[in-house]
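No lab work stands behind these numbers, since they all come straight from the coordinates. These numbers were taken from a predicted model, which means no experiment stands behind them. As a convention, Cβ positions derive from the backbone with ideal geometry for all residues, glycine included, and neighbour counts pool all protein chains shown.
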């Protein structure tokens, strides 16, 4: 990567970390780590998702696997901290998508 491009990438990274959307994600992540039950549930969900992805690639994913994941997902909705983190992550991702569209759009 040439030095000018590397410098611009660093500048963009710095600007992104200063955005409210980024800061909100960090606050919501910290709140999640304070709520042990919610954190354990989220980790269990992520583990189950990885297992399901693997099973799906191998053609072994069952309806029972899908139902178990859906039930766990519904349990997660009982925790506001998880919902709020998900919402803030979505806002942040939308902002990043706009940045990428701008970068790509300006290159045409």
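Protection proxy ranking of 35-41, 11-17, by the mean of other Cβ atoms within 10 Å over each peptide's residues and highest first, is 35-41, 11-17. Note on 65, 20: ascending count of other Cβ atoms within 10 Å places them as 20, 65, the fewest first. Oblate is the label for the stretch 1-60, because a/c, from the alpha-carbon gyration tensor with a ≥ b ≥ c as root eigenvalues, is 1.5 or above and a/b does not exceed b/c.
Residues 88, 54, ranked from the fewest to the most other C-beta atoms within 10 Å, line up as 54, 88.
Taking only DSSP H segments of four or more residues, each worth -39500 (n - 2.57), what value at 222 nm results for the chain once the sum is divided by all its residues, to the nearest 500 deg cm²/dmol?
-29500 deg cm²/dmol
Put a dot 7 Å past the Cα of residue 51, heading toward its Cβ, do the same for residue 91, and the two dots end up 3.4 nm apart. Taking a point 7 Å from the Cα of residue 11 along the Cα-to-Cβ direction, none of the residues of the stretch 58-102 has its backbone N closer than 11 Å to it.
Shown here: semi-axes √(5λ) of the Cα gyration tensor in Å, derived from the displayed model; of the candidates [x] 44, 23, 13; [y] 24, 19, 11; [z] 34, 21, 12, it corresponds to [z]. Quick check: the angle from helix 80-106's long axis to the longest principal axis of the chain, C-alpha only, nearest 10 degrees? Once rounded, one gets 40 degrees. Per-residue extension of 0.36 nm, minus the Cα-Cα distance of residue 43 and residue 98, leaves a gain of 16.9 nm for this segment. Angle of helix 3-17 to the longest C-alpha principal axis of the chain, folded into 0 to 90 degrees and rounded to 10: 50°. Taking Cα atoms only, the orientation of helix 63-76 departs from the longest principal axis of the chain by about 70 degrees.
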